[in-house]
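Participant: Can you read through this structure? Questions will come right after.
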Amino acid sequence: MKHWALFLLLAIGCNVWQIEAEFFTSIGQMTDLIYVEKDLVKSLKEYIKAEESKLTEIKSWAEKMDQLTHTSTSDPEGYLGHPVNAYKLMKRLNTDWLKLESLVLQQTSDAFIANLSIQRENFPTDEDESGAAKALLRLQDTYRLDSESISKGKLPGAQHVVSLTVEDCFELGKIAYNDGDYYHTVLWMQQTLRQLGEGESSVVTQAEALDYLSYSVYQMGDMQRAIELTKRLIAVDPTHLRAKSNLHYFKKLLHEEGQSDQRMDEEFYQSQSKKEVDMRPDNYISERDSYEALCRGEGIKMTTRRQSRLFCRYHNNNNHPRLIIAPIKEEDEWDSPHIVRYHEMLSDAEMEKIKEIAKPMLARATVRDPKTGVLTVANYRVSKSAWLADDEYPVVNRVNKRIGDITGLEMETAELLQVANYGVGGQYEPHFDFSRRPFDSNLATLGNRLATFLNYMSDVPAGGATVFPDFGAAIYPKKGTSVFWYNLFKSGEGDYRTRHAACPVLVGSKWVSNKWIHERGQEFKRPCGLTEVD
């Protein structure tokens, strides 16, 4: 139950880049768990009520029998001299006490246990809990959140403040440790010790946290601090044999490295015990620096001069019949490459209908393996998606026609409308929408992905921006709006500047739908340019 509770806590909230589990990649589907839990609470309350009623009846019987036996034992022979008392004694022992036995043995919990067994099929797995924990660690890195802020639920844009217990922090550290992620193990074991030091009661002991912390610090190369933490562990638990063995080993390594083993004074020792290690893994890549900075709103290269070239206008696509009376609001988001946002693209009713259709169809989003061409899940894309055909759903058909009207591009060769929902830490790391040569076989007929039309179907309180690391742009979700850009130059060559990413969702649920528009059928709608980069 503890693991399940932690999962739900993280789901409400909450650098490891492993493939996450199924449940938490979609907030839309995770909402079902809230109602599962509500049903279980209702069932539990009914069990408690039944148990209380049963105990009340047993208590009433016990009080009645207590008075009766007090009378009968004060004068047994006189009591039994009355034939009615003799009869009733026989009846009680032969019948009434057996009824009481049946009452005591009655399983009022059967209904609750049966409901729990049925609902258990919907419960998250250990993999789901681990995935949610890793998502929380990813958010910690991307948005540079300290462990204490996360533990106290101080997240930007969060409506529901929920804190982590000592056990929760300890479990996060253990999950990181089991994954070989010593960086986050250190952060969360330090937070565990911090909360224990503040007097929070817990079944987790200082010795347990120090055991993980000291070894993780050693793994990160800080031998001196590993020695001091191990000494602290031995002081807390003198019987800890592994700690004594580790201390001997650490000292030996330190001596071999030619370093001195000077005992820190108490003041420095205390400051070290509170210090958080701020190291990045060795495999950290520079593009992620730019990507994560943009996700935090840093490094955006929108200069005043650039801003002066951006405008808002009513767009009717050269007097398109369906846009003359009701032109759409178009806003420039970026000048080169040109990215535009369309306001009031989707109505609330349309968005809710699309979500309703897609929700039961959502499955872990896949990407095409560049080596094998096979669709597979990947650790850099954490979301759930569904593909909706316009000939099956009138609302999808209506939206697709609107996209065609606005862009002036042929929709017959475009891909199905893809609906995606991002859950806890949901993201899509930097990628291209177009395929680089050699093209996948499925592009031989329809051509490459010429353009992307991305619909935002929810507001996101924190995180979830669409960022372009190459030129430093960040486009923020706004419900009902859409953004559009070309992935290819008019020559058909890929525009490598359009490499983009979906930032992790920090708080909220991100719903998007996108239409990938292909080259075929656009020959006269977007003719070739004179140069490669027109």
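The values are calculated or read from the model by the stated rules, or taken from the named source; none is laboratory data. This is a predicted model, so every value here is computed, not measured. Cβ coordinates were reconstructed from backbone atoms using ideal geometry, including for glycine residues, and neighbour counts include every protein chain displayed. Ligands, DNA and RNA are excluded from the accessible area calculation, which covers all protein heavy atoms including side chains. Shrake-Rupley method; radii C 1.70, N 1.55, O 1.52, S 1.80 Å.
Participant: With the requirement that a residue be out of contact with any strand residue (DSSP E or B) (no Cβ under 7 Å at 6 or more places or on another chain), under 19 Å from HIS343 (Cβ atoms) and not charged (D, E, K, R), what does region 441-479 give you? Before the answer, list the steps.
Facilitator: Pass one, region 441-479, residues out of contact with any strand residue (DSSP E or B) (no Cβ under 7 Å at 6 or more places or on another chain): 441-445, 459, 470-472, 476.
Now narrow it down to the ones that are under 19 Å from HIS343 (Cβ atoms): 459, 476.
Answer for region 441-479, where residues must be out of contact with any strand residue (DSSP E or B) (no Cβ under 7 Å at 6 or more places or on another chain), under 19 Å from HIS343 (Cβ atoms) and not charged (D, E, K, R): just TYR476.
Participant: Does region 70-89 contain at least one residue that is of a type in the set (Gly, Ala, Ser) and open to solvent by 50 Å² or more (accessible area, probe 1.4 Å)?
Facilitator: Going residue by residue through region 70-89, those that are of a type in the set (Gly, Ala, Ser) are 72, 74, 78, 81, 86.
Narrowing the set further to residues that are open to solvent by 50 Å² or more (accessible area, probe 1.4 Å) leaves 74, 81.
Yes.
Participant: Do we have ASP470 as under 19 Å from GLY28 (Cα atoms) and surrounded by fewer than 19 Cβ atoms within 10 Å (Cβ to Cβ) here? If you could, list the steps in order and put the result at the bottom.
Facilitator: Working: under 19 Å from GLY28 (Cα atoms): no; surrounded by fewer than 19 Cβ atoms within 10 Å (Cβ to Cβ): yes.
Here the answer is no, as ASP470 does not meet what is asked.
Participant: Right, something else. Testing TYR212 on (1) surrounded by 11 or more Cβ atoms within 10 Å (Cβ to Cβ); (2) at pLDDT below 95; (3) part of a helix (DSSP H, G or I), one condition comes back false. Which one is that?
Facilitator: The one condition TYR212 does not meet is (2).
Participant: Can you name the residue in region 181-201 that is within 26 Å of the chain's Cα centre (by Cα) and open to solvent by 40 Å² or more (accessible area, probe 1.4 Å) and, of all such residues, is nearest to GLY131 (Cα to Cα)?
Facilitator: Out of the qualifying residues, it is TYR182.
Participant: Among (1) assigned to a helix (DSSP H, G or I); (2) modelled with pLDDT of 95 or more, where does VAL204 come up short?
Facilitator: So VAL204 meets the others, but not (1).
Participant: Can you tell me which residue is modelled with the lowest pLDDT among those in region 24-52 that are within 20 Å of GLN140 (Cβ to Cβ) and either β-branched (Val, Ile, Thr) or open to solvent by 20 Å² or more (accessible area, probe 1.4 Å) (or both)?
Facilitator: Residue satisfying both the conditions and the ranking: THR25.
Participant: Every residue in region 114-145 that is among the β-branched types (Val, Ile, Thr), farther than 30 Å from GLY297 by Cβ and open to solvent by less than 80 Å² (accessible area, probe 1.4 Å), please. Before the answer, list the steps.
Facilitator: Let us first name the residues in region 114-145 that are among the β-branched types (Val, Ile, Thr), namely 118, 125, 142.
Checking which are farther than 30 Å from GLY297 by Cβ leaves us with 118, 125.
Result: THR125, single match.
Participant: Could you tell me whether LEU416 is closer than 22 Å to HIS518 by Cβ, surrounded by 20 or more Cβ atoms within 10 Å (Cβ to Cβ) and modelled with pLDDT of 95 or more? Outline the logic, then answer.
Facilitator: Working: closer than 22 Å to HIS518 by Cβ: yes; surrounded by 20 or more Cβ atoms within 10 Å (Cβ to Cβ): no; modelled with pLDDT of 95 or more: yes.
In short, no.
Participant: If you check VAL419, VAL467, VAL396, VAL424, which single one turns out to be under 24 Å from ALA135 (Cα atoms) and not in a strand (DSSP E or B)?
Facilitator: Working: VAL419 fails: not in a strand (DSSP E or B); VAL467 fails: not in a strand (DSSP E or B); VAL396 fails: under 24 Å from ALA135 (Cα atoms).
None of the other options fit; the residue is VAL424.
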